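Readers should treat all values here as calculations from the given coordinates under stated rules, not as data from a laboratory. Small disclaimer: the values here were computed from a predicted structure and weren't measured. No Cβ is skipped: glycine too gets one built from the backbone with ideal geometry, and neighbour counts run over all protein chains shown.
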Amino acid sequence: GQSLEQPSEVTAVEGAIVQINCTYQTSGFYGLSWYQQHDGGAPTFLSYNALDGLEETGRFSSFLSRSDSYGYLLLQELQMKDSASYFCAVRVLPWDSNYQLIWGAGTKLIIKP
Amino acid sequence: GAVVSQHPSWVICKSGTSVKIECRSLDFQATTMFWYRQFPKQSLMLMATSNEGSKATYEQGVEKDKFLINHASLTLSTLTVTSAHPEDSSFYICSAGEGGSSYNSPLHFGNGTRLTVT
């Protein structure tokens, strides 16, 4: 079967740095995405890695190692508004095909003042 | 950026009635839209892939006669929950991609519809 594993919950302090890991086992791999979802809201796209390495977007960075089937989302200078659930998702079909994603169960990030 | 509009944002209905949820891509055309269901504190569960001009593709275990999907145009897909029952109460979310060959094109999500069946 296909699966993604990520921690169910992570706690961090405001202003700190936190890393959310994701390991995957899928039939195909065309990229790892990260989405943020606040309680009661819809997921919003954060980042996408198709190739190995680090992608940086402001306070958020995402890393991918295809040989290890592993990636992580790094959040720096944590703010209270970053409290949310974070989902990793793998795109298992080619880029010009549909956008079907396999989703992780989500990591609830709790930020304390 | 690309916007997906979903309506209604919440609905309460009586058991046995049907509810229609609309999903529109506002500034791009979406040949494919996806319908998800999410239970509290759980991940998104893909229900079906909606293809413009053709029948939807349902995931295993999803009743196609209960969850009717229509994708009549490149900007609109609808999900109708027929003969709703309390166990259908959930958060339903649609999403669409902008298409093309851009490898990093993200999925854009609607704001979701919280359905409560009494």
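Straight distance only, please: which aspartates and glutamates reach the Cα of A:K112 with their own Cα at less than 14 Å, same-chain residues fewer than 8 apart left out?
Reachable aspartates and glutamates: A:E9, A:E14, A:E77, A:D82.
Just the ratio, please: alpha-carbon radius of gyration of segment A:8-54 over 2.2 N^0.38 Å, N its number of residues.
Taking N as the residue count of segment A:8-54, the ratio is 1.40.
Which value, in nm² and rounded to one decimal, describes the direction-averaged projected area of the C-alpha convex hull of the protein assembly as shown?
12.5
Kindly point out, ordered by number, any Cys in the protein assembly as shown whose beta-carbon has no other cysteine beta-carbon under 4.7 Å away.
Cys with no partner Cβ under 4.7 Å: B:C13.
Sorted by packing (mean other beta-carbon atoms within 10 Å per residue), highest first, where do A:13-20, B:31-38, B:10-17 land?
Values: A:13-20: 14.4, B:31-38: 23.0, B:10-17: 12.1.
So the peptides A:13-20, B:31-38, B:10-17, ranked by packing, come out B:31-38, A:13-20, B:10-17.
How shielded is B:44-53 by partner chains, expressed as the average number of their Cβ atoms within 10 Å of its Cβ atoms?
2
Would you mind giving the average projected area, over all directions, of the Cα convex hull of segment A:34-106 in nm² with one decimal? Mind dumping the intermediate values first?
Working: hull surface 22.0 nm².
Answer in nm², one decimal: 5.5.
Inside 10 Å of the C-beta atoms of A:100-107, what's the mean count of C-beta atoms belonging to other chains?
Working: counts 8, 7, 1, 6, 2, 4, 5, 0.
Taking all residues of A:100-107 together, the mean is 4.
So what is the orientation-averaged projected area of chain B, using the convex hull of its C-alpha atoms, in nm²?
Computed as one quarter of the Cα hull surface, the answer is 7.3 nm².
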